[in-house]
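The values are calculated or read from the model by the stated rules, or taken from the named source; none is laboratory data. This one's a predicted model, so the numbers in the text were calculated from it and none came from an experiment. Note that we place each Cβ from the backbone using ideal geometry, even for glycine, and neighbour counts take in every protein chain shown.
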Amino acid sequence: MRAPFAFAAAGLLSISLPAAGALAQVAIESQRVTFRAGADSTLLKGQLKGDQTIDYKLRAGAGQTLTVELKGSNPQNYFNVMAAGTDIALFIGSSSGNRFSGFLPSDGDVRVRVYLMSPAARRNETSTFSLKVGISGAPLAAVPASRDALIPGTPYHASAEVPCVSGSSGKATSCKASVIRRANNSATVVVTNPEGQKCQVLFVKGQAVATDQPEKLTVQRRGDVSVLLLGENFERYEIVDALVVGG
């Protein structure tokens with residue numbers, strides 16, 4: 001779980017942008033996006049110059065699908081996507097292109113970050129862009145505490161230690177997994193490795209379908225366990241069904 005972007009709070013912030021190829025400190029402009037009544041998408045237009053970076057924030061729920069398409073006048077104009085509750089980009093436009101569609105694993109503000117790659121930023125180039133963003137599908141509501149008690153002081157219904165291979169050591173160990181159970185045997189499982197790095201995993205009808213990480217998710221079933229593999233580094237998490245759905 002590697003974080004290509006890191007920052008402290010919403011608004012105008014000073015951060016580093018290694019995933020965009022720049023080490024200089026830049027200010028990020030934050031803009032709230034809402035849809036017209038009855039609409040599930042909107043078209044945004046803007047302009048970037050140099051190291052200017054814009055975060056478009058959209059409120060969404062776990063299980064909904066986010067779609068994004070960017071058209072910019074500068075070929076080095078890209079966007080990244082960060083799910084709610086993380087500074088890690090689950091989609092990095094500079095390596096994956098200018099279109100994205102995928103499930104969101106968590107509730108809250110998803111961020112679509114629009115920027116110029118560092119060669120263009122250093123030359124103080126500009127880009128006029130249009131950004132189409134949409135959120136579709138019904139969110140998966142969390143099971144109320146009256147039906148499945150919460151761990152006091154948390155949004156989680158349960159937690160457990162699970163076998164994992166994660167972090168810089170690459171050694172087999174155990175990770176803490178906490179779960180927000182949702183409608184239709186769905187859930188968000190948050191796995192925290194011994195180094196404190198987190199990975200949010202969306203389960204729909206008991207099946208792991210998405211994470212908040214940029215690496216590809218592969219799922220293997222072993223009895224009542226979902227073995228989750230992330231990317232070529234094979235970070236691995238073993239999640240038992242009973243943690244996801246209860247029982």
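The table for this structure:
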quantity	calculated
Qualifying position, being assigned by TED's automatic domain parsing to the domain that holds VAL240 and either among the aromatic types (Phe, Trp, Tyr) or touching an Asp or Glu at 6+ places or on another chain (Cβ under 8 Å) (or both), among VAL112, VAL165	VAL165
Residues of segment 138-160 satisfying the condition of being assigned to a loop (DSSP other than H, G, I, E, B), closer than 30 Å to ARG36 by Cα and either among the aliphatic types (A, V, I, L, M) or touching a strand residue (DSSP E or B) at 6+ places or on another chain (Cβ under 9 Å) (or both)	ALA138, PRO139, LEU140, ALA141, VAL143
Single residue of segment 31-54 satisfying the filter (out of contact with any Gly (no Cβ under 9 Å at 6 or more places or on another chain) and among the charged types (D, E, K, R)) that is surrounded by the most Cβ atoms within 10 Å (Cβ to Cβ)	ASP51
Criterion violated by ILE28 - all others in (1) in a strand (DSSP E or B); (2) modelled with pLDDT under 95; (3) surrounded by fewer than 19 Cβ atoms within 10 Å (Cβ to Cβ) satisfied	(3)
Cβ pairs under 8 Å, 6+ apart, first in segment 170-184 and closer than 11 Å to VAL143 by Cα, second acidic (Asp, Glu)	ARG181/ASP148
Qualifying position, being over 19 Å from SER106 (Cβ atoms) and surrounded by 15 or more Cβ atoms within 10 Å (Cβ to Cβ), among PRO163, PRO214	PRO163
Test for ARG222: is it farther than 25 Å from ARG111 by Cβ and touching a Leu at 6+ places or on another chain (Cβ under 7 Å)	no
Residue count for segment 104-137, restricted to those that are surrounded by fewer than 18 Cβ atoms within 10 Å (Cβ to Cβ) and over 25 Å from GLY38 (Cα atoms)	7
Test: residue in segment 228-244 that is of a type outside the set (A, V, I, L, M), under 16 Å from the mean Cα position of the chain (by Cα) and part of a loop (DSSP other than H, G, I, E, B)	yes
Any hit, segment 171-180, residues being at positive phi and either over 18 Å from the mean Cα position of the chain (by Cα) or not assigned by TED's automatic domain parsing to the domain that holds ASP109 (or both)	no
Hits in segment 80-108 - residues which are under 20 Å from GLU69 (Cβ atoms) and of a type outside the set (Gly, Ala, Ser)	ASN80, VAL81, MET82, LEU90, PHE91, ILE92, ASN98, ARG99, PHE100, PHE103, LEU104
Qualifying residue in segment 55-67 (condition: crowded, with 20+ Cβ neighbours inside 10 Å, of a type in the set (Val, Ile, Thr) and in a strand (DSSP E or B))	no
Residue within segment 153-164 that is within 26 Å of SER95 (Cα to Cα), out of contact with any Gly (no Cβ under 7 Å at 6 or more places or on another chain) and of a type in the set (A, V, I, L, M) present	no
Positions within segment 138-154 being surrounded by fewer than 14 Cβ atoms within 10 Å (Cβ to Cβ) and either farther than 18 Å from LEU66 by Cβ or over 21 Å from the mean Cα position of the chain (by Cα) (or both), in sequence order	PRO144, ALA145, SER146, ARG147, ALA149, ILE151, PRO152, GLY153, THR154
